[in-house]
Amino acid sequence: GESVGLHLPTLSVQEGDNSIINCAYSNSASDYFIWYKQESGKGPQFIIDIRSNMDKRQGQRVTVLLNKTVKHLSLQIAATQPGDSAVYFCAENQGGATNKLIFGTGTLLAVQP
Amino acid sequence: GAVVSQHPSWVICKSGTSVKIECRSLDFQATTMFWYRQFPKQSLMLMATSNEGSKATYEQGVEKDKFLINHASLTLSTLTVTSAHPEDSSFYICSARDEGQNNQPQHFGDGTRLSIL
């Protein structure tokens, strides 16, 4: 099902530190996972994705780790910058032909200068 | 590439008004688009899947007569909130994927803020 929460978990980090944002997904049949960044008043912006046949994928300053055994996904941001401050969502594609994405609760990343 | 555009960005209108929101894929075609709703400090909730040339598929609990979806071309889907009331006030977001390319993620529009007075 879909995750909806009244309070966004918040991660507060110092500028320059590394950030790790975690996500638990619900469906073991999900075969594709995406991390999105959402700034205030805007739509989600694609960051990085990973398929279920992989356990790690790296991009520019970001790394996604997938642990299918415990249905856990993480996003690591290296050398966090003030511009990284936003809400981060993981999304799972539950497989099949529909390509529907189910979003996690989201985490607010607050970068302190 | 893979730009999704929504219009309008903001709508403020009186209770009872019907409001149409457009979602366009600017540089690709999409037989399928998705409509989401987001309340403040909450996640995106999938409302429906818009299918080009056929009926939309609605998620459980979403009233199809309240939220009319039309996907008449490969680059345009519209969501009409009929007889809107204050409880319909929300942030509505659409997404689409470039189906002409393999392994592409969903890309999102910048949303439409709907405020019903």
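Shape index of the stretch B:1-95: Rg/Rh, with Rg the Cα radius of gyration and Rh the Kirkwood radius from the inverse mean 1/r over Cα pairs, equals 0.95.
Database remark: amide H of A:Thr80 closer than 5 angstrom to the amide H of A:Gly16, A:Asp17, A:Asn18, A:Ser19 (H placed geometrically; neighbours at sequence offset of 5 or more, or on other chains; Pro and chain starts carry no H).
Could you state the orientation-averaged shadow area of the convex hull built on the Cα atoms of the stretch A:4-112, in nm² to one decimal?
If you wrap the Cα atoms of the stretch A:4-112 in a convex hull and average its projections, you get 6.9 nm².
Computed from backbone phi with θ = phi - 60° and the Karplus coefficients 6.51, -1.76 and 1.60, the 3J(HN,Hα) list for the stretch B:3-11 is 9, 10, 10, 10, 8, x, 7, 9, 9 Hz; x is used for glycine and proline.
The B-A contact accounts for roughly 1900 square angstrom of buried accessible surface, both chains included, probe 1.4 angstrom.
Each semi-axis of the equivalent ellipsoid for the protein assembly as shown is √(5λ) with λ an eigenvalue of the Cα gyration tensor; in descending order they amount to 29, 21, 16 Å. Inter-chain neighbour count for B:85-93: the average number of beta-carbon atoms from partner chains within 10 Å of each residue's beta-carbon is 1.
Applied to the stretch B:21-37, the Karplus parametrisation 6.51 cos²θ - 1.76 cosθ + 1.60 on θ = phi - 60° returns per-residue 3J(HN,Hα) values of 10, 9, 10, 10, 8, 7, 10, 7, 10, 9, 6, 10, 10, 10, 10, 10, 10 Hz, with x for Gly and Pro.
How many partner chain Cβ atoms sit within 10 Å of a residue's Cβ in peptide B:99-107, on average, as a whole number?
Averaged over the peptide's residues, the number is 4.
For the segment A:30-39, counting C-beta atoms of other chains within 10 Å of every residue's C-beta and taking the mean gives 2. Couplings 3J(HN,Hα) for the stretch A:9-14, derived from phi with the Karplus relation 6.51 cos²θ - 1.76 cosθ + 1.60 (θ = phi - 60°), are x, 10, 10, 10, 9, 7 Hz, where x marks Gly and Pro.
Here is the short version for the protein assembly as shown: B:Cys13 have no other Cys C-beta closer than 4.7 Å.
The values are calculated or read from the model by the stated rules, or taken from the named source; none is laboratory data. Given the structure is predicted, the values throughout are model-derived calculations rather than measurements. When we count neighbours, we look across all protein chains shown, and the Cβ atoms used for this are built from the backbone with ideal geometry, even at glycine. With ligands, DNA and RNA removed, areas are computed over all heavy atoms of the protein, side chains included. Shrake-Rupley method; radii C 1.70, N 1.55, O 1.52, S 1.80 Å.
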